[in-house]
Amino acid sequence: MEARGGRGEKPLSATDLRDRLAIDFLGKQFVDSDLMSVADMAIEMAGPHVVFERIRSLLSPLLPTPAHLLLPTFRWRALVTTNYDDLIERSYRLGLRNQLQNIVPIVKNTEPVEELLQSTERPVLLLKLHGCVNHAHDEHVPLVLSHEHYALHDRHRDNLYSRMNQWTHESTFVFCGYGIGDAHIRNILHRLDANGVKRPNYYIVTPTMDEVQADYWSKKKVTLIQSTFGNFMAALNAAIPEMWRSLEAGQGLKELSVRKHFRTNRDPTPALMTALERDFRHVHASMAADPQNARRFYEGFDTGWGAILQNLDIRRRVMNDLLLKAVVEEIDSTECRLVLLRGPAGSGKSVTLKRAAMTAADELDQLVVWLESDGALRAEAVLELADLTGKRIFVFVDRAAVHLASIEALLKAVRQKNALVTIVAAERDNEWNIFAGRLAERWKPLEFRIGHLAPREIEDLVEILNKHDSLGLLSTQPRPQQIEAFQKRADRQLLVALHEATRGKAFEEIVHDEYLGIVPDRAKRLYLDICTLNQFAVPVRAGIISRVAGIRFNDYRENLFDPLENVVLTDENRYTGDIEYRARHPKVAEFVFQGACPTDESKSAQLTRMIEHLDVGFLPDRIAIESIAKGRVLSEMLSSAAYGREIYAAIVKALPDAAFVLQQWATIFEYAAHDGSLEEAEKLAHLAKDLDPKSKSVAHTLSEVARRRASAERSPVLKEQFRRQARKRLTDAGSASDMLVMSSKCKILVDEVKDLVESIGDDHDEDAAGRLSELVREAELEIRQAQQLYHDTADLDETQWRLSAILGQHAKARSALERAWRKQPRGASVALRLPRSTLRTTRERLRRC
């Protein structure tokens, strides 16, 4: 690439590098060997760290050429290289006056692509397929140099190749620095030709060529440009004026709408303008939105803000409470606040959150911004907006569990700067309970729950459905019968109630009939693939569908759009540029998956097939894998642990270093499944601990496994040994007041009560009765203390119920507690321990105390 060092150092060809390595590590007699063989022997002799460090020292002196410095002055879809050096990165990091993008280098699968793109202003990806001198000592992605490295070149970076392959379908490639016969170029072209892919024209920049070569490549839709890299970039620079390169559609449009709230004439920074363009939507009554078809909206097809602007929704009573507490009463407050709207999937949270945002902006004249689904929650942008306006900023965030780290970072920044900010978030109950424990404990959100349809809400719903001719089978019924149809289903989620009341069939049946009616089979299969992942409330990237089913977006648009028009939505990610698919609602996707995959075998095969093609560098894919990995999800979905193990094996392959996956496999699946293995759970939990030694949740899992093993043992000695182990492990699982720790302590005590109750004989052993009395007292006290700290916790309520059931089902236990009572006639606490079946007797005794 024509680079030179400050002292005249030249770049190394493959031959030059071979000679240097041979002389440095082996001897001159090996200079005639090939590079990979020399590298093999050098690494064997000196070790990889020494060899890679030598290569780094040879490449580091090289400086970017004028051609490199021109790269940042153009907009690129992406950059890809097999070079080890960091000349491209250094060119971008100089911060040139006319630089249009900032580089985001990626060297391995697990780097979070979207997070890196979102944290970079005007980002462009750089894929480093063969490693980088800046990561030369990363054993997961060594420099691809020796025979072994080439054989394993895609290990831990196969997703990088997949991303590049996806771009080859739809983007123009310009190859610089590669020979006409380069294997990389030929492999790409042969693969595309074999698959019949219609791609754009490609270009190869090469210093030497002839007419025969040019004619050969032109037939393959590849144009040869006879030039060096330097001359090519200079010609490009001369041919395209700078003004044309800097044009970016839409910039500044959203800035104008928010300016009415400014208290200063100061212009927002480019970073804030970018955030208002990509990350946030300024909510106001005059904002633009795509039209929303009313009937499709009531089927779950929410295409954006059209339904709100067209007033297709009903106002839920919880919204008034939320606006009063979270907006009206907060306007003059000086505190930052986190507000949460929660409820089950399909209950109408997202629409209610949007309506609350619009009402706050329009009727209450507040400054409201909505975090876009693929946006970054940038603290610096929110703080700048607060400074420019001097007003409280209301930030609305749907799917809060996806943004927990960003929400906490924003809250910390707001508190530190004493800014006026309220975050109003929404999330499904199960997602919030699983992932948001730390955030909820620290920031104590003001919570609102979206409940069942109230009578007034049902009347409003019937009225608006009638207005938009969307009552379906109810349209011919009198108004009282229409209202009654919804009242019968008031305890169902809103989406379910809408379908069942207007179509007269079970929601599951409606959704499955839709699926069966899709033709051709190729479209039906695509819909199932989309639903398999979208049931976890994540968009499904077109790149995944291309890898799984071989269906590119152009193919979908031309051949499959019509049969899927009423069941699939598409959108474009603002950062990655990916097209994303989703069903009309995650609840619909869930029922499609369940209906199409009714057996454990079919569920396992479909999930495994999708997991194998996910790219964990992208957030939606990672969320999908982590959602599938939740042991409770699989234990409820499958009846056989064997199929669950197949799915977990695929997940571990995709996320080999994720302690969370192994912990979930151990905790809920092997631990809770009826045919799971506690020994396997112990093994998996220890593997998770090796990956994350400080994890409190893993320590808690190890404690719970030991507790269950104690209950499964027959030997009193082994029971005691495992319970001591369980208690000891709890010390690493969190503070004594942690909910999980307290819950486990309660469970261990109740387990001991159960064992003691079952061991009591008919010989009226007073010592055993006394031990039982004290043990029950200790268990009750522990449960009561835990419930005082954590109200309405299902886990604690279940433990309390189990204690009552154990005592109520065993006559010997009641007899032993009666004897303990007689020894302590004024012992009210013992009376309280008696089961509910003896409550009347207990009350009589309490009156005598």
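Just checking, how many residues over the range 81-122 are in contact (Cβ under 8 Å) with a residue 12 or more places away in the chain and more than 26 Å from the chain's Cα centre (by Cα)?
Taking the range 81-122 as the starting set, the residues that turn out to be in contact (Cβ under 8 Å) with a residue 12 or more places away in the chain are 81-92, 94, 96, 98-122.
From what is left, the residues that are more than 26 Å from the chain's Cα centre (by Cα) are 81-92, 94, 96, 98-101.
Going through the range 81-122 one residue at a time, the tally reaches 18.
From the list GLU646, GLU626, GLU670, GLU679, exactly one residue is closer than 25 Å to GLU713 by Cα and at pLDDT 85 or above. Which is it?
Numbers: GLU646 fails: closer than 25 Å to GLU713 by Cα; GLU626 fails: closer than 25 Å to GLU713 by Cα; GLU670 fails: at pLDDT 85 or above.
Selected residue: GLU679, the only one of GLU646, GLU626, GLU670, GLU679 that is closer than 25 Å to GLU713 by Cα and at pLDDT 85 or above.
When you scan the range 757-779, do you find a residue that is acidic (Asp, Glu), within 29 Å of PRO693 (Cα to Cα) and not assigned by TED's automatic domain parsing to the domain that holds GLU441, even just one?
Of all residues in the range 757-779, those acidic (Asp, Glu) come to 758, 762-763, 765-767, 774, 778.
Checking the rest, the ones that are also within 29 Å of PRO693 (Cα to Cα) come to none.
So far as the range 757-779 goes, no, none of its residues is acidic (Asp, Glu), within 29 Å of PRO693 (Cα to Cα) and not assigned by TED's automatic domain parsing to the domain that holds GLU441.
Can you tell me which residue among VAL397, VAL421 is closer than 26 Å to LEU272 by Cβ, touching a Cys at 6+ places or on another chain (Cβ under 6 Å) and surrounded by 23 or more Cβ atoms within 10 Å (Cβ to Cβ)? First the steps, then the outcome.
Details: VAL397 fails: touching a Cys at 6+ places or on another chain (Cβ under 6 Å).
Just one listed residue meets the conditions, VAL421.
Tell me yes or no: at least one residue of the range 46-62 is touching a helix residue (DSSP H, G or I) at 6+ places or on another chain (Cβ under 8 Å), under 24 Å from LEU125 (Cβ atoms), touching a residue at least 12 places away in the same chain (Cβ under 8 Å) and surrounded by fewer than 18 Cβ atoms within 10 Å (Cβ to Cβ).
Within the range 46-62 (the criterion being touching a helix residue (DSSP H, G or I) at 6+ places or on another chain (Cβ under 8 Å), under 24 Å from LEU125 (Cβ atoms), touching a residue at least 12 places away in the same chain (Cβ under 8 Å) and surrounded by fewer than 18 Cβ atoms within 10 Å (Cβ to Cβ)), the answer is yes, since at least one residue qualifies.
Before we move on, is ALA401 aliphatic (A, V, I, L, M), farther than 20 Å from ARG622 by Cα and free of Cβ contacts under 8 Å to residues at least 40 places away in the same chain? First the steps, then the outcome.
Numbers: aliphatic (A, V, I, L, M): yes; farther than 20 Å from ARG622 by Cα: no; free of Cβ contacts under 8 Å to residues at least 40 places away in the same chain: yes.
Spelling it out, it is not the case that ALA401 is aliphatic (A, V, I, L, M), farther than 20 Å from ARG622 by Cα and free of Cβ contacts under 8 Å to residues at least 40 places away in the same chain.
Any idea which of VAL31, VAL38 is aliphatic (A, V, I, L, M) and more than 23 Å from CYS132 (Cβ to Cβ)?
Values: VAL38 fails: more than 23 Å from CYS132 (Cβ to Cβ).
Selected residue: VAL31, the only one of VAL31, VAL38 that is aliphatic (A, V, I, L, M) and more than 23 Å from CYS132 (Cβ to Cβ).
Could you list, ordered by first residue, the pairs with Cβ atoms under 7 Å in which the first is in the range 145-167 and within 14 Å of ASN109 (Cβ to Cβ) and free of Cβ contacts under 8 Å to residues at least 60 places away in the same chain and the second is of a type outside the set (Lys, Arg) and in a helix (DSSP H, G or I), at least 6 apart or interchain?
ASP154/TYR161
For ALA485, indicate whether it is within 26 Å of LEU526 (Cβ to Cβ) and of a type outside the set (Lys, Arg). Even if it seems obvious, please write down each step before you answer.
Values: within 26 Å of LEU526 (Cβ to Cβ): no; of a type outside the set (Lys, Arg): yes.
For ALA485, the condition - within 26 Å of LEU526 (Cβ to Cβ) and of a type outside the set (Lys, Arg) - is not met.
Say whether the condition of being over 17 Å from the mean Cα position of the chain (by Cα) and of a type in the set (Asp, Glu) is met by at least one residue in the range 594-613. Outline the logic, then answer.
Going residue by residue through the range 594-613, those that are over 17 Å from the mean Cα position of the chain (by Cα) are 594-606, 608-609.
Filter once more, so that each one left must be of a type in the set (Asp, Glu): 600-601.
Yes: the range 594-613 contains one or more residues that are over 17 Å from the mean Cα position of the chain (by Cα) and of a type in the set (Asp, Glu).
Tell me whether the range 317-326 contains one or more residues that are at pLDDT 90 or above and over 30 Å from ARG415 (Cα atoms).
Yes, the conditions are met somewhere in the range 317-326.
Among (1) more than 30 Å from ARG75 (Cα to Cα); (2) crowded, with 22+ Cβ neighbours inside 10 Å; (3) free of Cβ contacts under 8 Å to residues at least 60 places away in the same chain; (4) not charged (D, E, K, R), where does ILE628 come up short?
Status for ILE628: all satisfied but (3).
I'd like the full set of residues that are surrounded by 18 or more Cβ atoms within 10 Å (Cβ to Cβ), among the charged types (D, E, K, R) and assigned to a helix (DSSP H, G or I), limited to the range 558-592. Even if it seems obvious, please write down each step before you answer.
Just the residues of the range 558-592 that are surrounded by 18 or more Cβ atoms within 10 Å (Cβ to Cβ), to begin with: 560, 563-564, 567-569, 573, 575-576, 578-592.
Checking the rest, the ones that are also among the charged types (D, E, K, R) come to 578, 580, 582, 584, 587, 590.
LYS587, GLU590 - these are the residues of the range 558-592 that are surrounded by 18 or more Cβ atoms within 10 Å (Cβ to Cβ), among the charged types (D, E, K, R) and assigned to a helix (DSSP H, G or I).
Taking the range 331-353 as the region of interest, how many residues are over 22 Å from the mean Cα position of the chain (by Cα) and within 30 Å of GLU580 (Cα to Cα)?
Applying the first criterion (over 22 Å from the mean Cα position of the chain (by Cα)) to the range 331-353 yields 331-337, 352.
Next, only the ones that are within 30 Å of GLU580 (Cα to Cα) stay: 352.
Total satisfying the criteria: 1.
Looking at ASP751, ASP738, which one is at pLDDT below 90, under 20 Å from GLN787 (Cβ atoms) and acidic (Asp, Glu)?
Of the residues listed, the single one that is at pLDDT below 90, under 20 Å from GLN787 (Cβ atoms) and acidic (Asp, Glu) is ASP738.
If you scan the range 694-714, which residues turn out to be in contact with a helix residue (DSSP H, G or I) (Cβ under 9 Å, 6 or more places away or on another chain) and not in a helix (DSSP H, G or I)? Let's see the steps before the verdict.
Just the residues of the range 694-714 that are in contact with a helix residue (DSSP H, G or I) (Cβ under 9 Å, 6 or more places away or on another chain), to begin with: 695-713.
The answer is SER695, GLU713.
Considering each residue of the range 187-226, count those that are among the polar types (S, T, N, Q) and touching a Pro at 6+ places or on another chain (Cβ under 9 Å), and give that number.
Step one: of the range 187-226, the residues among the polar types (S, T, N, Q) are 187, 195, 201, 206, 208, 213, 218, 223, 226.
Then drop every residue that is not touching a Pro at 6+ places or on another chain (Cβ under 9 Å), which leaves 226.
Residues meeting the conditions: 1.
Regarding SER744, is this residue part of a helix (DSSP H, G or I), within 28 Å of GLU780 (Cα to Cα) and touching a residue at least 24 places away in the same chain (Cβ under 8 Å)?
Working: part of a helix (DSSP H, G or I): yes; within 28 Å of GLU780 (Cα to Cα): yes; touching a residue at least 24 places away in the same chain (Cβ under 8 Å): yes.
It is true that SER744 is part of a helix (DSSP H, G or I), within 28 Å of GLU780 (Cα to Cα) and touching a residue at least 24 places away in the same chain (Cβ under 8 Å).
Under the condition of being free of Cβ contacts under 8 Å to residues at least 60 places away in the same chain, in a helix (DSSP H, G or I) and not hydrophobic (A, V, I, L, M, F, W, C), which residue from the range 597-614 is nearest to ASN159 (Cα to Cα)?
This residue is THR608.
Take the range 279-293 and flag every residue that is crowded, with 18+ Cβ neighbours inside 10 Å and either touching a strand residue (DSSP E or B) at 6+ places or on another chain (Cβ under 9 Å) or in a helix (DSSP H, G or I) (or both).
Hits for the range 279-293 are ASP279, PHE280, ARG281, HIS282, VAL283.
Pick from LEU100, LEU143: which is surrounded by 20 or more Cβ atoms within 10 Å (Cβ to Cβ) and either aliphatic (A, V, I, L, M) or on the phi > 0 side of the Ramachandran plot (or both)? Before you say what the answer is, go through the steps one by one.
Details: LEU100 fails: surrounded by 20 or more Cβ atoms within 10 Å (Cβ to Cβ).
LEU143 is the lone residue from the list that is surrounded by 20 or more Cβ atoms within 10 Å (Cβ to Cβ) and either aliphatic (A, V, I, L, M) or on the phi > 0 side of the Ramachandran plot (or both).
Residue under question is LYS391, and the condition is that it be of a type outside the set (A, V, I, L, M, F, W, C), in contact (Cβ under 8 Å) with a residue 24 or more places away in the chain and crowded, with 21+ Cβ neighbours inside 10 Å; does it hold? Reasoning before the result, please.
Details: of a type outside the set (A, V, I, L, M, F, W, C): yes; in contact (Cβ under 8 Å) with a residue 24 or more places away in the chain: yes; crowded, with 21+ Cβ neighbours inside 10 Å: no.
Considered against the rule, which asks whether it is of a type outside the set (A, V, I, L, M, F, W, C), in contact (Cβ under 8 Å) with a residue 24 or more places away in the chain and crowded, with 21+ Cβ neighbours inside 10 Å, LYS391 comes out as no.
Can you name every one of the helices (runs of 4 or more DSSP H) wholly within the range 505-557 that holds 1 or more residues which are outside the structural domain of GLY300 (by TED's automatic domain parsing) and among the basic types (Lys, Arg)?
Working: elements: 507-516, 521-534, 542-549.
In the range 505-557, 521-534, 542-549 are the helices (runs of 4 or more DSSP H) which contain 1 or more residues that are outside the structural domain of GLY300 (by TED's automatic domain parsing) and among the basic types (Lys, Arg).
Of the residues SER119, SER171, which single one is modelled with pLDDT under 90 and surrounded by 14 or more Cβ atoms within 10 Å (Cβ to Cβ)? Before you say what the answer is, go through the steps one by one.
Values: SER119 fails: surrounded by 14 or more Cβ atoms within 10 Å (Cβ to Cβ).
Just a single option satisfies the conditions, and that option is SER171.
Among the residues that make up the range 695-710, is at least one of them among the acidic types (Asp, Glu) and either more than 18 Å from ASP795 (Cα to Cα) or exposed (fewer than 15 other Cβ atoms within 10 Å of the Cβ) (or both)? Spell out how you get there, then give the answer.
Applying the first criterion (among the acidic types (Asp, Glu)) to the range 695-710 yields 704.
Next, from what is left, pick out any that are either more than 18 Å from ASP795 (Cα to Cα) or exposed (fewer than 15 other Cβ atoms within 10 Å of the Cβ) (or both): none.
No, the conditions are met nowhere in the range 695-710.
Within the set of pairs 6 or more residues apart or between chains, which connect a residue that is within 19 Å of PRO112 (Cα to Cα) inside the range 362-376 to a residue that is modelled with pLDDT of 95 or more and of a type in the set (A, V, I, L, M, F, W, C) with Cβ atoms less than 9 Å apart?
Final answer for the pair search is GLU372/PHE280; GLY375/PHE280.
Limited to the range 643-667, what total is found for residues that are of a type in the set (A, V, I, L, M) and farther than 15 Å from ASP621 by Cα? Break it down into steps so the answer makes sense when it comes.
Here is the first cut: in the range 643-667, the ones of a type in the set (A, V, I, L, M) are 647, 649-652, 654-655, 658-659, 661-662, 666.
Of the ones still in play, those that are also farther than 15 Å from ASP621 by Cα are 647, 649, 659, 662, 666.
The qualifying residues number 5.
Which is in a helix (DSSP H, G or I), under 20 Å from VAL368 (Cα atoms) and among the acidic types (Asp, Glu), of ASP332, ASP321, ASP313?
Details: ASP332 fails: in a helix (DSSP H, G or I); ASP313 fails: in a helix (DSSP H, G or I).
None of the others qualify; the one that does is ASP321.
Does VAL382 meet the test of being part of a strand (DSSP E or B), among the β-branched types (Val, Ile, Thr) and within 25 Å of the chain's Cα centre (by Cα)?
no
Residues to consider are THR274, THR303; find the one that is among the β-branched types (Val, Ile, Thr), within 19 Å of LEU383 (Cβ to Cβ) and touching an Asp or Glu at 6+ places or on another chain (Cβ under 9 Å). Write out each step before concluding.
Values: THR303 fails: within 19 Å of LEU383 (Cβ to Cβ).
Only one candidate qualifies: THR274.
The values are calculated or read from the model by the stated rules, or taken from the named source; none is laboratory data. Remember, predicted model here, so these are calculated numbers, not experimental data. Quick reminder, even Gly has a Cβ in these numbers, built from the backbone with ideal geometry, and neighbours come from all protein chains shown.
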